[in-house]
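Enquirer: Here it is, the structure, as structure tokens.
Each reported figure results from applying straightforward, stated rules to the coordinates on display, with no laboratory input. Note that the coordinates shown come from a computational prediction; the quantities given were computed from them, not determined experimentally. Virtual Cβ from ideal backbone geometry, glycine too; neighbours counted across all protein chains shown.
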Amino acid sequence: MKDPIHLCDVVLYDGKSKRQYRIFDVVLAGNERKKIWASLTQKKWLLTLAFKTKARIEKQEDNLNRYIQSINHKGYLGDSNYNWGLSS
């Protein structure tokens, strides 16, 4: 089964600082937020969009308190050519 690709709005949450980081109009493969966050490729993509500078991105990669709070799927774009295992 190939993973669906969606245009999404994503909210990242930091449990330590109690802050939300909103990312608008991002293209993601999959539909399950825990699996998307566990994927290193998708996680790096989201952190790059949320934090623009290289130093902040590297610092946030090690932050264990950060996770995806919610994903708002805005539109279906198609299916990926590869099964990433990011959907249920």
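Enquirer: Look through the stretch 42-73, keep the residues that are of a type in the set (G, A, S) and under 15 Å from the mean Cα position of the chain (by Cα), and return whichever of them is farthest from W84 (Cα to Cα).
Expert: Ranking the candidates gives A50 first.
Enquirer: Quickly run through the stretch 41-82 and pick out the residues that are surrounded by 13 or more Cβ atoms within 10 Å (Cβ to Cβ) and part of a loop (DSSP other than H, G, I, E, B).
Expert: Residues satisfying the conditions are F51, N63, S80.
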